[in-house]
Amino acid sequence: MPLTDTPIPTIAQALHRPRWQTLPSFFHNDVVVAPLQGARMVHVNQPLAASLLGCAAAQQLAPNDWLAVCQGDVTDATPAPVATGYAGHQFGHYVPQLGDGRACMLGEVIAPGGDYWEWQLKGAGPTPYSRRGDGRAVLRSSIREYLVSQAMAGLGIPTTQALCLTTSDEPVQRECVEPGAMVLRVAPSHLRFGHFEYSFYTGNTAAHQQLLDFTLAHYYPQCANAPDPPAALFSAVVEKTARLMAQWQAVGFCHGVMNTDNMSMLGLTLDYGPYGFLDAFNPDHICNHSDTSGRYRYSNQPAIGQWNCAALGHAFTPWLSEATVETLLKDTFYPVFMEAYLGLMARKLGVLAMEAPPRAAKGDDGLLPHPYKALVGDVLMLLAQQRVDYTQWFAALTEAGGEPDTLWQKALGESAAAKQWCRQYQAALTESGISLADRKQQMAAVNPLVVLRNHTAQHVIDSVATGDTAVLDEVFTALAAPYARTSANQVLATAVMAPPKPDATPLVISCSS
């Protein structure tokens, strides 16, 4: 039964046995949380806690209550934490044994509305999948995940979310010795493409079928009732992935490690490591210094999203033919991605009304012809040529409502191509029939004023390391409402969350960041 909005004695008593444990033990192992030495709370996401536990329950909880759960201080009635096993293609190469190497599932909470939420603790010590690792996380990477989870949720992009953050006196060795930390993250499910690859490539047909049935029953019941449930499920996952890629591209987000084990079966943004939001627009931006080939560069994310869906499709061949997988992928991924992406970009430019209905007529290439495809492509080329800050430019465009002779226009330069684009853009605004007031309002709903820049995250990390959480609070609050044109956000957009200075040394982000 869903929790009611009444006080609960402890957070642990809100945790239920995770539905994962109904799957064969092939997919999971019970583990024990390894407490951090000298652990202490850094931050709790109170609005998220209220939505998951109920306002009254969340309000009665003290930092020590959260700390107890993050330290594995549970009762006999609490389910044993679980680490799951999965495989995956890492940088295009199949790795047969991966899994939750430094994370464990504490259980599931049923929110007041009846939705299930898995609670997963990252940095909780070694598991059977740690591959000789220590199972720990450091404060630096934990703050980055805590902040970006809030940022993506605030932007309206499907994501895992972070519930609380702890640090400790325990030293953890990465590039250097750093304080150990933990993030308690939540999601409707942490089910990955890699879970299906794991059972498929090991040839465990019984477990593979049970995973399919589990996924259909708990997360895609509408597909379970379709004439061909596996085909319906695969198409649904491909569509969710395509829409996620469109949202990433539109907001200028780079994931950095789009391995199949980091792809969610629910279309969530999963596993934040060397991520980054674009500063100066560069289609070939690489945010992970380990990605020497540029496989996961910004411009390549949609193609990798499709490649990963193809890898998932191969794991579906016990139920679908290769030809069926190929057809479903071709008919779904890029048509959905292009329509979603160009629709978002047209709204960012203010030339398409928010309530505009989708178009149905496809061209000979199977893609929906979009009247603003050239307009979008040409302005991105100009932004790249001029090295214009992506977020700031669209924010300036929003402030002007697309009206000419303002900062956004000057940023494009004085070339013939820039002048031609401005003329075409003004014509598109006129043809749209959207009033200036409505246009500005609609553009403000899709063009954030603030995003989580890497140097901002580093500033928060440096502050928290000294015991000062004021900047963390300030940035965390702004990220919850990035589209709001409040005075606080206006100040942050020109200060802490402004683009890095031209002479600033670029931050090098790795998989341990």
(request) Might you report the magnitude of the Cβ-based charge dipole of the chain about its Cα centre, with Lys and Arg at +1 and Asp and Glu at -1, to the nearest 20 debye? (result) 560
(request) Give the whole-number value, in cubic angstrom per residue, of the convex hull volume spanned by the C-alpha atoms of the stretch 194-349. (result) 119
(request) Give the residue from T22, G135, W117 lying farthest towards the positive end of the charge dipole for the stretch 12-189; charges sit on Cβ (+1 for Lys and Arg, -1 for Asp and Glu) and the dipole is referred to the Cα centre. (result) G135
(message) What does the net charge come to around V379 if you take all other residues with beta carbon closer than 12 Å to its beta carbon, with K and R at +1 and D and E at -1?
(response) +1
(message) If I model a spin label as a point 7 Å beyond the Cα along the Cα-Cβ vector, how far apart are those points for D228 and A303 in nm?
(response) 2.9
(message) Report the gain in length on full extension from D503 to S415: 0.36 nm times residue separation, minus Cα-Cα distance, nm rounded to one decimal.
(response) 29.1 nm
(request) If a/c stays under 1.5 just call it rounded; otherwise compare a/b with b/c (prolate if a/b is bigger, oblate if not). Do that for the stretch 389-454, with a ≥ b ≥ c from the square roots of the Cα gyration tensor eigenvalues. (result) oblate
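Output the relative contact order of the chain, whole-number percent, from Cα pairs under 8 angstrom with separation of 6+ residues. Could you put the intermediate results ahead of the total?
Numbers: 956 pairs, mean separation 71.0, N = 513.
That works out to 14 percent.
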(request) Find me the longest stretch of the chain that has none of the exposed GluC sites (Glu not before Pro), where exposed means in a DSSP loop (not H, G, I, E or B) with at most 15 other Cβ atoms within 10 Å. (result) 176-354
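For the chain, count the residues as N, evaluate 2.2 N^0.38 Å, and divide the Cα radius of gyration by that value, please. Present the calculation step by step, with values, prior to reporting the outcome.
Numbers: Rg = 23.1 Å, N = 513, 2.2 N^0.38 = 23.6 Å.
Against the empirical 2.2 N^0.38 Å value, I get 0.98 for the chain.
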(request) Any of K373/K410; K240/K330; K348/K501; K373/K419; K240/K440 with alpha carbons more than 21 Å apart? Name them for me. (result) K373/K410; K348/K501; K240/K440
(message) Counting just the Cα atoms, what span does the stretch 1-152 cover along each of its three principal axes? Round to the nearest Å and put the largest first.
(response) 48, 35, 32
(request) Using the charge dipole of the chain (Lys, Arg: +1 at Cβ; Asp, Glu: -1 at Cβ; taken about the Cα centre), state which of H195, W393, A232 has its Cα farthest towards the positive end. (result) W393
(request) Using just the helices of the chain, give the 222 nm mean residue ellipticity in deg cm²/dmol: DSSP H runs with n ≥ 4 each add -39,500 (n - 2.57), and the total is spread over all residues, rounded to 500. (result) -13000 deg cm²/dmol
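Sorted by mean Cβ packing within 10 Å, highest first, what order do the peptides 180-187, 271-278 take?
In decreasing order of mean packing, 180-187, 271-278 become 180-187, 271-278.
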(request) Per residue of the stretch 286-303, in order, report the coupling 6.51 cos²θ - 1.76 cosθ + 1.60 (Karplus, θ = phi - 60°) as ³J(HN,Hα) in whole Hz, putting x for Gly and Pro. (result) 10, 9, 10, 5, 7, 8, 5, 8, x, 4, 9, 4, 3, 5, 9, 4, x, 5
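Bear in mind that the values in this text are calculations on the coordinates, not laboratory data. Because the structure is predicted, anything quoted here is derived from the model rather than measured. Note that each Cβ is placed from the backbone with ideal geometry, even for glycine, and that neighbours are counted across all protein chains shown.
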